Ligand code: FES
């Protein structure tokens with residue numbers, strides 16, 4: 001399995017995306033979604049390229065749109081996006097020990113959100129609307145209810161083994 005974050009922009013692939021969107025500026029969101037689907041974030045070179053290739057757009061416009069919408073990430077993300085809820089219910093029921101267990105397990109360096117191998121990105125989010133299941137962790141859209149440090153360690157072990 002591919003463990004590394006793709007860092008070089010494949011302009012041919014971007015051209016294909018632009019073609020599939022008829023080079024229309026009204027399809028900018030769809031273009032950015034497709035680019036993000038490839039890279040798991042929006043590389044700066046890709047945004048600049050789109051801004052230069054599509055009539056009526058500029059790199060600054062593309063960058064402005066990309067930063068406006070929360071769905072877009074301008075930083076590389078890991079293959080697994082781990083969201084730890086630290087809303088009130090989750091916090092009270094022990095989200096922080098779970099968070100610390102995750103950091104330790106994936107060996108996340110201080111001040112970083114993504115592991116060196118590009119496998120995991122860790123985010124702290126506010127209420128996910130599942131307070132009855134607190135504390136909640138979501139990994140790539142899959143919800144893990146009533147997490148404990150031990151339970152999340154087992155889940156991460158399983159993911160790591162799958163990647164070996
Ligand atoms: S506080 Fe965590 S789901 Fe609501």
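The values are calculated or read from the model by the stated rules, or taken from the named source; none is laboratory data. Keep in mind the model is a prediction, meaning the values are calculated, not measured. For neighbour counting, all protein chains shown are included, and Cβ atoms are generated from backbone atoms with ideal geometry for every residue, glycine included.
Before moving on, here are some points about what is shown:
- Residue match in the stretch 58-79 (condition: more than 23 Å from residue 33 (Cβ to Cβ) and outside the structural domain of residue 27 (by TED's automatic domain parsing)): no
- In the stretch 1-22, the residues that are crowded, with 17+ Cβ neighbours inside 10 Å, modelled with pLDDT of 95 or more and not in a helix (DSSP H, G or I): 21
- Enumeration of residues in the stretch 114-132 that are surrounded by 18 or more Cβ atoms within 10 Å (Cβ to Cβ) and either near the ligand (Cβ under 10 Å from one of its atoms) or within 17 Å of residue 96 (Cα to Cα) (or both): 121, 122, 128
Okay, residues lined up against (1) surrounded by fewer than 19 Cβ atoms within 10 Å (Cβ to Cβ); (2) farther than 29 Å from residue 8 by Cβ; (3) in contact (Cβ under 8 Å) with a residue 24 or more places away in the chain; (4) within 16 Å of the ligand (Cβ to nearest atom):
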| residue | (1), (2), (3), (4) |
| --- | --- |
| 69 | yes, no, yes, no |
| 73 | yes, no, yes, no |
| 84 | no, yes, yes, yes |
| 89 | yes, yes, yes, yes |
| 97 | yes, yes, yes, yes |
| 103 | yes, yes, no, no |
| 135 | no, yes, yes, yes |
| 147 | no, yes, yes, yes |
